[in-house]
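Shown next, in structure tokens, is the structure this report addresses.
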Amino acid sequence: MRFVSLASRNFKELYREPVSILLGLLMPAGLLVLFALIGKNVHLDIFTPDMLTPGVTIFSFAFLIMFSAVLLSKDRQSAFLLRLLTTPLKPVDFILAYFVPYIPFALLQILVCFAVGILLGAAYSVLNVVLSLVVILPMALVCIGIGMILGSLLSEGQISAIGSMLITAISIFGGIWMDLQMVGGIFEEISYALPFAHGVDAARNILAGTGLGNVATHLYWVYGYAVILFVLGILSFRYKTASN
Amino acid sequence: MNKVFNKENGDEEHNAIQTINLSKRYGDFVAVDGINLEIKKGELFSILGPNGAGKTTTIKILSCLLLPTEGTAKIMGYDIKENPQLIKEIIDVSPQETAIAGHLNAWENLVLMGGIYGLEKKETEKRARELLDLLDLPGREKEQVRKYSGGMKRRLSIAMAMMSDPQVLFLDEPTLGLDPQARKAMWEKIEGLKGKKTIVLTTHYLEEADALADRIAILKAGKIIAIDTPDELKNNSKSMQSIAIKTKNISDDVVKGIKEMYSDVVFKANKIEIKARKLNVDKIVDYLRSNEVNIEGISMKEPSLDDVFLELTGEGGNQ
Ligand SMILES: Nc1ncnc2c1ncn2[C@@H]1O[C@H](COP(=O)(O)OP(=O)(O)OP(=O)(O)O)[C@@H](O)[C@H]1O
Ligand SMILES: [Mg+2]
């Protein structure tokens with residue numbers, strides 16, 4: 001249980017940076033309001049609160065990528081991780097400590113996005129909201145996994161450089177502000193080779209009441225990616241920290 | 001000079017650290033080159049050497065951060081390759097670079113280390129309080145440490161290595177960047193641990209090694225080129241004693257007379273400086289007196305560890 005000490009340090013390290021915390025909560029909420037207002041005028045199906053809320057929630061997880069990548073990379077670059085590696089902490093302790101602290105934040109993001117979405121008029125049943133977590137939570141895993149990979153392999157500077165690219169990519173290939181089927185072509189193919197569009201589609205359908213059976217394919221994609229990225233995250237961490 | 005630690009004195013029971021042909025290569029570059037060391041339990045052992053000599057690399061291998069390319073080492077009887085997990089329970093390391101959690105305060109940083117080593121809460125808090133005293137951060141214990149000055153961070157980083165009360169403590173340049181008071185406090189703390197723990201300390205402050213270490217190894221380009229007590233190192237050194245005598249009324253003839261006694265004599269600015277392996281101070285003073293030279297002051301310098309170091313490693317260090 002020694003990972004708890006390090007997890008609680010990582011937790012503090014994250015939550016004592018109030019600006020980034022606020023950004024990670026307020027920016028998605030702001031975008032949700034903005035696009036819902038646009039939707040009122042242009043009457044696009046995709047800009048209704050019902051459709052926007054799950055998309056923006058998953059989009060907000062881009063912050064999880066950044067937070068987890070930056071902390072890990074910083075610790076790697078400073079001698080702090082080196083010090084930790086001389087302690088009795090085991091690999092599994094490290095993985096847990098650099099993973100668990102982001103879960104409460106992901107839950108908070110979900111809470112804020114759904115609260116704003118519902119205030120804007122999204123009409124979901126309680127059951128469907130709970131059901132949608134079977135895809136939304138794994139999407140958080142996908143993002144923390146990506147963060148672990150980046151944090152293990154890249155420097156803090158490199159991470160902030162590709163960070164904005166990544167956020168843009170998620171918002172485009174996730175089909176959050178556009179109908180991917182309408183765009184079509186290679187663009188649609190790339191989007192559905194990545195997990196984000198699958199996650200967003202699945203969440204939208206579940207919230208619309210289609211049940212889980214109809215989104216099974218999407219779910220497999222998301223779960224597959226969650227497992228692969230998480231394993232890759234662990235491997236990158238191990239690769240960079242193993243004594244050699 | 002190159003006295004290797006006597007095998008008979010150093011049986012396994014009494015060794016805290018033993019290295020056997022320990023080597024580390026990076027590609028073709030040899031960072032650590034066949035080191036054989038025996039460090040006794042309770043010994044304070046200092047590793048000196050120019051930049052890039054392989055001190056940090058050696059410590060990283062001994063603390064199970066790096067695997068040796070060849071050879072191995074035992075810490076308290078455990079092999080670094082076979083039992084790193086057991087070794088990590090009984091050692092602690094203060095890395096060369098400051099290693100602290102920036103968003104935590106000093107207290108939290110110390111408590112963090114206690115938790116990682118699985119200490120009881122009460123014991124953790126007791127030790128953290130003691131170490132906070134050592135840190136001497138009046139009124140700033142509750143401040144996030146990223147706002148501390150470099151030296152304050154440094155002190156905390158070293159104190160964190162002492163939380164687990166390890167059997168073997170590695171201190172890589174512990175007093176780098178500390179002000180004289182903090183350095184003195186750190187020396188006292190290290191003195192206090194002497195005999196109770198095995199300590200391996202690297203430093204570029206040779207007077208620090210001189211004052212603290214039981215034995216010193218001098219490393220150059222990955223090899224041990226000397227290993228002994230500080231006193232023996234100085235005694236065996238080819239370095240010279242020097243004497244400087246201040247006087248106003250010395251004649252060229254008298255200077256010449258001294259030059260006949262010693263070969264290394266410099267006279268300038270009313271000061272005559274003589275250097276030799278062994279100086280006969282009596283003879284020099286008598287000679288000056290008998291020539292009615294007014295001696296205004298005398299200062300004498302014994303060979304220091306610095307001289308020994310420069311002599312052994314060459315003035316240009318590794319280059
Ligand atoms: N990861 C690495 N890859 C390649 N070379 C390395 C690596 N780490 C260290 N070295 C080299 O090994 C040599 C020994 O480095 P080390 O850090 O052990 O020196 P040191 O004695 O601690 O020096 P200093 O007094 O500057 O701290 C150096 O030449 C260094 O460049
Ligand atoms: Mg070093």
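Take every Cα pair under 8 Å in segment B:15-235 that's 6+ residues apart, average their separations, divide by the length, and report that relative contact order as a whole percent. Mind dumping the intermediate values first?
Numbers: 431 pairs, mean separation 64.2, N = 221.
This gives 29 percent for segment B:15-235.
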Roughly how large is the B-A contact in terms of buried accessible area, totalled over both chains, probe 1.4 Å, nearest 100 Å²? 2500 Å²
Solvent-accessible area, 1.4 Å probe, carbon plus sulfur percent, for the protein assembly as shown: 58 percent
How much length would be gained if the chain were fully extended between A:THR217 and A:LEU119, taking 0.36 nm per residue of separation minus their Cα-Cα distance, in nm to one decimal? 32.2 nm
How far is the Cα center of segment A:72-110 from the Cα center of segment B:190-259, in Å? 45 Å
The local net charge around A:MET51, scoring Lys/Arg +1 and Asp/Glu -1 for residues other than A:MET51 whose Cβ lies under 12 Å from its Cβ, equals -3
With the 1.4 Å probe rolled over protein heavy atoms, segment B:144-291 has an accessible area per residue in Å² of 46 Å²
Please give the net charge around B:ILE59, taking every other residue with its beta carbon less than 15 angstrom from that of B:ILE59, where Lys and Arg add +1 and Asp and Glu add -1. +1
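Whenever you get a sec, line up A:TYR220, A:TYR98 from highest to lowest accessible area (probe 1.4 Å, protein heavy atoms). Spell out each step's value before the answer.
Working: A:TYR220 160, A:TYR98 5 Å².
Highest to lowest solvent-accessible surface, that is A:TYR220, A:TYR98.
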Most fluctuating residue given options B:SER149, B:SER23, B:SER304, as computed from a GNM of chain B linking Cα atoms under 10 Å: B:SER149
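Quick check: residue separation of B:ALA244 and B:THR229 times 0.36 nm, minus the Cα distance between them. What number comes out in nm?
Working: separation 15, 0.36 × 15 = 5.40 nm, distance 2.83 nm.
Here the segment from B:ALA244 to B:THR229 would lengthen by 2.6 nm.
Counting only other residues whose beta carbon sits under 14 Å from that of A:ALA36, what net charge do I get with K and R as +1, D and E as -1?
Values: positive: A:LYS40; negative: A:ASP45, A:ASP50.
Charge balance in the 14 Å sphere: -1.
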Residue-level accessible surface for B:ASP165, protein heavy atoms, 1.4 Å, Å²: 80 Å²
Most mobile of B:ILE35, B:ILE284, B:ILE224 per a Gaussian network model of chain B (Cα springs, under 10 Å)? B:ILE284
If I model a spin label at B:GLU125 and B:LEU67 as a point 7 Å from the Cα along the Cα→Cβ vector, what separation in nanometres do I get? 4.4 nm
Accessible surface of A:PHE196 in the full protein assembly, 1.4 angstrom probe, to the nearest 10 Å²? 20 Å²
Could you pull the accessible area for A:VAL100 with a 1.4 Å probe, rounded to 10 Å²? 60 Å²
Acute angle (nearest 10 degrees) that the helix B:281-290 long axis makes with the longest principal axis of chain B, alpha-carbon atoms: 30 degrees
Under 10 Å, Cα contacts only: if you run a Gaussian network model on chain B, which one of B:SER242, B:SER290, B:SER164 comes out with the highest mean-square fluctuation? B:SER290
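For A:GLN181 and A:LEU133, what does the FRET efficiency come to when R0 = 41 Å and r is the distance between their Cβ atoms, rounded to the nearest 0.05?
Working: r = 25 Å, r/R0 = 0.62.
Rounded to the nearest 0.05, the efficiency is 0.95.
Compute the FRET efficiency between B:LYS283 and B:ASP306 as 1/(1 + (r/R0)^6), taking r as their Cβ-Cβ distance and R0 = 22 Å, and round to the nearest 0.05.
Numbers: r = 27 Å, r/R0 = 1.24.
Efficiency, rounded to the nearest 0.05: 0.20.
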Could you tell me the calculated FRET efficiency between B:ASN236 and B:GLN85, based on Cβ-Cβ distance and R0 = 56 angstrom, to the nearest 0.05? 0.85
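If contacts are Cα pairs under 8 angstrom and at least 6 residues apart, what is the relative contact order of segment B:162-319 in percent?
Numbers: 186 pairs, mean separation 36.0, N = 158.
With pairs under 8 Å counted, the relative contact order is 23 percent.
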Work out, step by step, the length gained on full extension between A:GLN77 and A:VAL231: first 0.36 nm times the residue separation, then minus their alpha carbon distance; give nm to one decimal. 53.2 nm
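Given a 1.4 Å probe and heavy atoms of the protein chains only, how would you sort A:PHE80, A:PHE187, largest accessible area at the top?
Numbers: A:PHE80 0, A:PHE187 60 Å².
Largest to smallest exposure gives the sequence A:PHE187, A:PHE80.
The values are calculated or read from the model by the stated rules, or taken from the named source; none is laboratory data. All figures in this text were calculated on a predicted structure; none of them were measured in a lab. Here the Cβ is made from the backbone with ideal geometry for all residues, glycine too, and neighbour counts use every protein chain on show. Please note that ligands, DNA and RNA were not included when accessible areas were found on the heavy atoms of the full protein model with its side chains. Shrake-Rupley method; radii C 1.70, N 1.55, O 1.52, S 1.80 Å.
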